Structures are given as C-alpha cells and as structure tokens.
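Data block below; observations after.
The values are calculated or read from the model by the stated rules, or taken from the named source; none is laboratory data. Just so we're clear, the structure is a prediction, and the values are computed from it rather than from any experiment. FYI the Cβ positions are ideal-geometry reconstructions off the backbone, even for glycines, and counts take in every protein chain you see. All accessible areas refer to the heavy atoms of the entire protein, side chains included, with ligands and DNA or RNA removed. Shrake-Rupley method; radii C 1.70, N 1.55, O 1.52, S 1.80 Å.
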Amino acid sequence: MSAGPSRPRRQLYIMAKAPRPGAVKTRLGRDIGMVGAAWWYRWQLDRLIRRVGRDPRWRTVLAISPDRARFDCRPWPRRLHRIPQGRGDLGDRLTRVFRQAGPGPVVIVGGDIPGITAGQVEQAFRALGTHDAVLGPSDDGGYWAIGLRRTRSIPARFLKPVRWSTPETHADTDRAMTRFWPGIRIALIDTLNDVDTVDDLYAIKRQKPGKAIRAFPGTHP
C-alpha cells in the first residue's frame, strides 16, 4: 500500500552577513564603535540560530554575504547548510533565495532581529497554509520576514521596484507582488524591529533588562 505523496518540507532561510567590524550594522557602529557593533551582531545572530535553527518543523539554511564568507567555519554552525546571497540589492538577493529553494513554503528572515522566536517562525509558516505570501512588518515601514507559499512561479525581478530601507519598503513590496500575481493573498504576522542605533538597543533593554547591550564595547548603563 502506498503511503502517498509527502508534504513539501518547510524551509527557513536566515539572511546573514559575516560579522566583521565596518561591514555590519554601521549605523550602530557610529554610536558604539564598529567593533562593538560587530560583536553585537555576532551575538544576536548566534542567539537567533540557537532559537530557531534546530527546530524539526523546518529546515534552516543560512544565506551568507559576502559569498566567500560561507566557507569560513568560525561564525557558522557546521550542521547548517550555507548558500551565497549573491550580488545586487536586497530585492535581488531575496529573489535569488526564493528561486533556488526547493518546493514547499519558504520563509526568509533577517539576522539582526532580536525578537524572532520559533513561535514567530511557526506563525509565518501557518499563515502560508491559507495565504500565498506572508510579511512580518516593522515599525519603520519595512519588514523582518517575507515568505511565499511557492504555488506559483517567481519572476526574476519581482522585487525590483521596491525602495529598500525607506518607509515605503513594505507598501512597495505589496504592490510588487500584486503586480505579478493579481489577487494574491498576503498575511501579516507580528511586528518586530531590528537594531540600527544605540537607542534601539536601549529600547530592547527596557523590554528585557540585562540582555540587550551588556558586555558590548562602547555602550554604557
């Protein structure tokens, strides 16, 4: 007796940069120093991977920038598969991840979002059970997560019109997806924010005392 076709596996991609001073979180680096910002980013990324990277409900993959940094074993867990983000703006790189992922629902998250938990990732995948796409918004007009159910082909330039790192990023993404897929159903999940400045760090510290900025060079109580 046949067991029937298996359900396509969920896939979680974390967009990650090599944690090198001057190459990551440069706005934060102007507040606390580039070394301190790089250390914070590495700590945050490691914490995120430990939270969601071992969950059996999905397969976790790291999408690394710059491409050659995926061969450096020091920042990345050996057990996780790593792929290059490739060239271009964020839209080019997100599209590339979607297009090379296997069949099944795909969720992509940023590596610098302190609030991401396994519960939020599960929320995104559950939304893709009833919607074609999912976005996790942020207060600055962008988003921390984007996901596709992958029931339709993904155009190579479907995120090209998006104005990145602006208050219009979320709205532009909605319009871009609707342009290619009229009638697309887009779900919204929890609002989370990344860390760009030292004020963002202190906002997190107020929410979770002692866990956001302790031990990072350049910060002060």
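Odds and ends about this structure:
- Checking each residue in region 161-203 for being open to solvent by 60 Å² or more (accessible area, probe 1.4 Å) and within 19 Å of Ala101 (Cβ to Cβ) picks out only Phe180.
- Taken over region 51-66, the criterion of being exposed (fewer than 14 other Cβ atoms within 10 Å of the Cβ) and at pLDDT below 95 is satisfied by Arg54 alone.
- Any pair with Cβ under 8 angstrom, 6 or more apart, that starts in region 145-166 at a residue that is more than 25 Å from Asp190 (Cβ to Cβ) and ends at one that is at pLDDT 90 or above and charged (D, E, K, R): Arg152/Asp132; Ala156/Arg99; Lys160/Asp92; Pro161/Asp172; Pro161/Arg175; Pro161/Arg179
- Counting only strands (runs of 3 or more DSSP E) that sit wholly inside region 73-178, those with at least 3 residues that are over 23 Å from Thr26 (Cα atoms) are 81-84, 133-137, 143-148.
- Residues in region 18-36 that are farther than 15 Å from Asp199 by Cα and buried (at least 22 other Cβ atoms within 10 Å of the Cβ): Pro19, Val24.
One line per residue, one yes/no per condition, for (1) in contact with a helix residue (DSSP H, G or I) (Cβ under 9 Å, 6 or more places away or on another chain); (2) modelled with pLDDT under 95; (3) over 30 Å from Arg157 (Cβ atoms):
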residue	(1), (2), (3)
Asp172	no, no, no
Thr178	no, yes, no
Ile186	yes, no, no
Ile189	yes, no, no
Leu192	yes, yes, no
Asp200	yes, yes, yes
Pro209	no, yes, yes
Ala212	yes, yes, yes
Thr219	yes, yes, yes
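- Looking across region 143-159, the residues that are surrounded by 14 or more Cβ atoms within 10 Å (Cβ to Cβ), closer than 17 Å to Asp89 by Cβ and at pLDDT below 95 come down to Ile154, Pro155, Phe158, Leu159.
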